[in-house]
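The values are calculated or read from the model by the stated rules, or taken from the named source; none is laboratory data. Please read these numbers as outputs of a predicted model, since none were measured by experiment. Note: ideal-geometry Cβ built from the backbone for every residue, glycine included; neighbour counts use all protein chains shown. Please note that ligands, DNA and RNA were not included when accessible areas were found on the heavy atoms of the full protein model with its side chains. Shrake-Rupley method; radii C 1.70, N 1.55, O 1.52, S 1.80 Å.
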Amino acid sequence: MVEKDESSPGGISEEEAAQYDRQIRLWGLEAQKRLRASRVLLVGLRGLGAEVAKNLILAGVRGLTLLDHQQVSPEDSRAQFLIPVGSQGRNRAEASLERAQSLNPMVEVKADPESVESKPHEFFTQFDAVCLTCCSRESMVRINQICHKNGIKFFTGDVFGYHGYMFADLGDHEFVEEKPKVAKRLEFCQLRDALAVEWRGEKATAALRRTAPDYFLLQVLLRFRTETGRDPCPRSGAEDSQRLLRLRREVLEALGVGSHLLPEHFHSFCFSEMAPVCAVVGGVLGQEVVKALSQRDPPHNNFFFFDGVRGQGMVECLGPPH
């Protein structure tokens, strides 16, 4: 058993050592101390948000704030396991609080029913990591800029039907690689720059052949969200499919690539949140937050894409040339 350590605010008590024994054996006491000293903001409590919340609470962060201004909808029952039956009409963050807290009483879990867009700059600086889901591209870029400037680890991710992604900007990040045990450093770019890659020219053409189509699918889906204020919905399936096909042409042409990168039927796999996809992407996203806060093991730099149709995940590093 790990001895009680109260020499610092990040110290581990005997009770915590027992609770996190397996994790301490896996990544060490110092890494668990850093995790136990960290506060995380999680925005968006749909299916993916629930998976990330579960993983962070079980890992043992110090505090987790659940932020969501939306009400529980019938669709939430498909993938959101933290919301009890009969909660329709309640605030999504508040409805998730009790089950989230019961996962680990040692973690301070809070619910905030306000909109992330109403939060000032200062709100985000109280956290060590910020993780966004269900947010507009404009909000993601704005909050990423705040986090990058203030040395806060930034993550964002979403699930669209069979497809999901996560993005990380850890700034100038230091970590320890276990084998051989050596300190390393990685530099990350902001989401704004990662989404603005230039695809014209010979070098870009060569890079295009190696780039996952999911990157371009993400661009189309974020434009859909910007135009409609929501994600593709089965209730308006025919209309949304036509919009997605139009956006495929417009977005990919604006990026300087051909619309053939996404097949004609791509829109068929972009509706609702699929629970298994939430589990996969939420597992990776939660793991990356833990790795960043504990400073253990190489992080994904900077995108992770999951294609549930093929059952395939891939890491892509996209951004301005170094």
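Some observations on this one:
- Every residue from the range 108-138 that is part of a helix (DSSP H, G or I), over 12 Å from LEU66 (Cα atoms) and either open to solvent by 10 Å² or more (accessible area, probe 1.4 Å) or touching a Cys at 6+ places or on another chain (Cβ under 6 Å) (or both): GLU117, SER118, HIS121, GLU122, PHE123, ARG137, GLU138
- If you filter the range 223-272 down to residues that are of a type in the set (Ser, Thr, Tyr) and assigned to a helix (DSSP H, G or I), you find that the one that is most open to solvent (accessible area, probe 1.4 Å) is THR226.
- Residue list for the range 71-91, restricted to those being closer than 22 Å to GLU117 by Cα and either open to solvent by less than 80 Å² (accessible area, probe 1.4 Å) or touching a residue at least 24 places away in the same chain (Cβ under 8 Å) (or both): VAL72, SER73, ASP76, GLY89, ASN91
- Of all the residues in the range 286-308, those that are in a loop (DSSP other than H, G, I, E, B) and open to solvent by less than 10 Å² (accessible area, probe 1.4 Å) number 1.
- Of all residues in the range 184-196, those that are closer than 17 Å to SER139 by Cα have Cβ atoms under 7 Å from Cβ atoms of residues that are of a type in the set (A, V, I, L, M), 6 or more apart or on another chain, in LEU191/MET140; LEU191/VAL141; ARG192/VAL141; ALA194/LEU318.
- So PHE124, is it among the aromatic types (Phe, Trp, Tyr) and within 16 Å of ASN55 (Cα to Cα): no
- In the range 1-52, the residue that is modelled with the highest pLDDT out of those that are under 23 Å from ALA100 (Cβ atoms) and among the hydroxyl-bearing types (Ser, Thr, Tyr) is SER38.
- Among (1) part of a helix (DSSP H, G or I); (2) on the phi > 0 side of the Ramachandran plot - the single one GLY89 does not satisfy: (1)
- Considering only residues in the range 24-48 that are part of a strand (DSSP E or B) and of a type in the set (A, V, I, L, M, F, W, C), the one that is nearest to ILE12 (Cα to Cα) turns out to be VAL40.
- Inter-residue pairs, beta-carbon under 6 Å, first assigned by the TED database to the domain that holds ARG209 and closer than 21 Å to ARG209 by Cβ and in the range 234-259, second open to solvent by 70 Å² or more (accessible area, probe 1.4 Å) and basic (Lys, Arg), 6+ apart: VAL251/ARG223; GLY256/ARG200; SER259/ARG249
- Among the residues of the range 196-212, the one identified as closer than 21 Å to GLU264 by Cα, open to solvent by less than 60 Å² (accessible area, probe 1.4 Å) and assigned to a helix (DSSP H, G or I) is LEU208.
- Residue within the range 131-150 that is modelled with pLDDT of 95 or more, more than 25 Å from ALA168 (Cβ to Cβ), out of contact with any Gly (no Cβ under 7 Å at 6 or more places or on another chain) and of a type in the set (Ser, Thr, Tyr) present: no
- Residue in the range 174-194 that is farther than 19 Å from LEU217 by Cα, small (Gly, Ala, Ser) and under 16 Å from the mean Cα position of the chain (by Cα) present: no
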